[in-house]
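A.B. asks: Here you go, one structure.
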Amino acid sequence: MMPLQMQIKHSVLASKNQVLTVEYLSKKYDVAAEYIVALAEKNKDLTVSNGVVLAKREKALTAAFAGAGAVALLAILILPGLIG
């Protein structure tokens, strides 16, 4: 069986908007809400704000910046050949 911290992470990531309330998770896993908050705060992929646990979206931003960098690099390599 997975540790509770990983179960919380998977539940949040599997939800539609990647957001679940602390109360919902507390009832689902039958533990105190404070314990859910403590476990979520220990996890680098989750954050707790105003009674909800949400997934951090850094991975999507990293992919977007990598894609933009690839397009910029391609433009730098092609534009001099077209101009000159």
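A.B. asks: Does residue 35 qualify as being hydroxyl-bearing (Ser, Thr, Tyr) and in contact with a Leu (Cβ under 7 Å, 6 or more places away or on another chain)?
C.D. replies: Here the answer is no, as residue 35 does not meet what is asked.
A.B. asks: So, in the stretch 24-42, of the ones that are among the small types (Gly, Ala, Ser) and surrounded by 16 or more Cβ atoms within 10 Å (Cβ to Cβ), which residue ends up nearest to the chain's Cα centre (by Cα)?
C.D. replies: If we take residues in the stretch 24-42 being among the small types (Gly, Ala, Ser) and surrounded by 16 or more Cβ atoms within 10 Å (Cβ to Cβ), then 40 is nearest to the chain's Cα centre (by Cα).
A.B. asks: Starting from residues that are of a type outside the set (Gly, Ala, Ser) and over 12 Å from residue 46 (Cβ atoms), keep the ones in the stretch 8-23 and report whichever is surrounded by the most Cβ atoms within 10 Å (Cβ to Cβ).
C.D. replies: 21
A.B. asks: Continuing with this model, one more query. (1) at pLDDT 90 or above; (2) touching an Asp or Glu at 6+ places or on another chain (Cβ under 7 Å): which one isn't true of residue 23, the others all being true?
C.D. replies: Answer for residue 23: the failing condition is (2).
The values are calculated or read from the model by the stated rules, or taken from the named source; none is laboratory data. As the structure is a computational prediction, the values presented were derived from the model and not from experiment. Cβ: placed from backbone, ideal geometry, glycine included. Neighbour counts: every protein chain shown.
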